[in-house]
Each structure stands twice: as C-alpha cells, then as structure tokens.
Amino acid sequence: MQVLGVAPATTLTVDLAARRLHERPTTFEDWAVDGVPLRRLVADRWGVDDLPIEMSRLWPEDPSAAVASLRALLGEGPADFEDGRGALLVCPTDQDVSCRALGARVLIGEGTVEWRDVGWQVDVEPFVPAPDEYGPLLQFRFDRAQYERLLRQLLTAYERRGSEQAAALPEPAPERPRWCRRFLR
C-alpha cells in the first residue's frame, strides 16, 4: 500500500481580482504519494518535464473549497463530477472542474481507500477510463486508517482557517431605514 501525504507546492495563477490579467505565484499543499508530489507523478506518467499548472484545493486562500474537497474525498460530501468522481487537481484560476481537472474514482473499502482511473476530465463530458498512448491510468491504494487520519487533520486545519477568516471580516454596516437614505446621500 502507498502512503498519502501533502507537500508544499507553488503554481502560477492568473489573478482576476486585479482587474487585469497578470500571473502570480500561488502556494498550496499538493497531494503526495509515498513522498512524491502528485503533480510530479502525473508529469512523469505522461512523460513531460513541466509540472501541470493545476493545483489541489488545499489552498489557504479558499478554505471552504478545501473543506468541501476533503469531505468529498472522505465520502462525506458530494463528488465533483456527476459520475461520482472526485477532483484531485483543479484549475488554478477559478478551481472550476469545467476547465480541466485530474479526477479519480474514490473507493472506500474495509481497510483501504483507492483512487482509481486517475485521469484528466471536464464536467461536461463523461470520463472514459481507457488507457492512452502512455499506458494505463494511474491507480493508488492507501491504508484507510492512515488516509482518514490525514484527511481529518487537514479538515480540522482548513475549518479553523475558514473560521479565522470569517472572524477577521469587518461587520457589515447596518442598513439605514429607507426613509432616511434620500436625506443622507
């Protein structure tokens, strides 16, 4: 069996909030299998030197997406795709699975968790688990106790981040009564 972990990673994202397109480095936690980042495993499998730009949803800037993703990978929340598959890597700009995502069928058994038929897909087309010109799709098998322990630790950390971010937001100004809006402009 393989050991699931996380590793610090950086990718370039397009910052749409800047009102102009410019790339910025974005730090996140990549999935790691036996200590090797998932993006490296994917690049090696497809025989390319460059890592994919896609990132996991383990991103401090959007803890709610991380929480939803972790719940899905634990089998406790809705999957990312209609066919029940979960997204492991998503678009770094908007985390939309319509762009392109690395998905997997997550099978939770008595003592194991498997990520099967790991491959690229979009949510508008059904995934066809067929080998490509590089050979069979990636498969990973983890000890369920170790897998769940890691994902629950991450879930707790990202729930805490989400709470801290929400607490740091300023209170919205109370809305003035409708009759005084006209006079206070």
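For the stretch 17-39, which residues satisfy the criterion of being at pLDDT below 95 and either in contact with a Gly (Cβ under 6 Å, 6 or more places away or on another chain) or over 20 Å from Ala87 (Cβ atoms) (or both)?
Within the stretch 17-39, Ala17, Ala18, Arg19, Arg20, Leu21, His22, Glu23, Arg24, Pro25 meet the criteria.
Condition check: closer than 22 Å to Pro129 by Cβ, surrounded by 14 or more Cβ atoms within 10 Å (Cβ to Cβ) and not basic (Lys, Arg). Does Val67 satisfy that? Let's see the steps before the verdict.
Values: closer than 22 Å to Pro129 by Cβ: no; surrounded by 14 or more Cβ atoms within 10 Å (Cβ to Cβ): yes; not basic (Lys, Arg): yes.
So Val67 does not fit the description; no.
Tell me, which residue of the stretch 97-134 that is modelled with pLDDT under 95 and either touching a His at 6+ places or on another chain (Cβ under 7 Å) or small (Gly, Ala, Ser) (or both) is farthest from Arg149 (Cα to Cα)?
Ala130
In the stretch 32-57, what residues are small (Gly, Ala, Ser), part of a helix (DSSP H, G or I) and out of contact with any Asp or Glu (no Cβ under 7 Å at 6 or more places or on another chain)?
We begin by selecting, within the stretch 32-57, every residue small (Gly, Ala, Ser); these are 32, 35, 43, 47, 56.
Narrowing further to those that are part of a helix (DSSP H, G or I): 43.
The answer is none; no residue qualifies.
Can you tell which of Leu154, Leu137 is among the aliphatic types (A, V, I, L, M) and at pLDDT 85 or above?
So the residue among Leu154, Leu137 that is among the aliphatic types (A, V, I, L, M) and at pLDDT 85 or above is Leu154.
Quick one: in the stretch 1-16, which of the residues that are part of a loop (DSSP other than H, G, I, E, B) and modelled with pLDDT of 75 or more is farthest from Ala87 (Cα to Cα)?
So the first thing to find is which residues in the stretch 1-16 are part of a loop (DSSP other than H, G, I, E, B), and the list is 1, 3, 15.
Those left that are additionally modelled with pLDDT of 75 or more: 1, 3.
Values: Met1: 21, Val3: 19 Å.
It comes out as Met1.
Suppose the filter is over 10 Å from the mean Cα position of the chain (by Cα), closer than 17 Å to Glu148 by Cβ and exposed (fewer than 14 other Cβ atoms within 10 Å of the Cβ); does Glu82 pass it? Don't jump to the end; show me each part of the working.
Working: over 10 Å from the mean Cα position of the chain (by Cα): yes; closer than 17 Å to Glu148 by Cβ: no; exposed (fewer than 14 other Cβ atoms within 10 Å of the Cβ): yes.
Considered against the rule, which asks whether it is over 10 Å from the mean Cα position of the chain (by Cα), closer than 17 Å to Glu148 by Cβ and exposed (fewer than 14 other Cβ atoms within 10 Å of the Cβ), Glu82 comes out as no.
Somewhere in the stretch 115-125, is a residue surrounded by fewer than 19 Cβ atoms within 10 Å (Cβ to Cβ) and aromatic (Phe, Trp, Tyr)?
yes
The values are calculated or read from the model by the stated rules, or taken from the named source; none is laboratory data. None of the values given here were measured: they were computed from a predicted structure. Cβ coordinates were reconstructed from backbone atoms using ideal geometry, including for glycine residues, and neighbour counts include every protein chain displayed.
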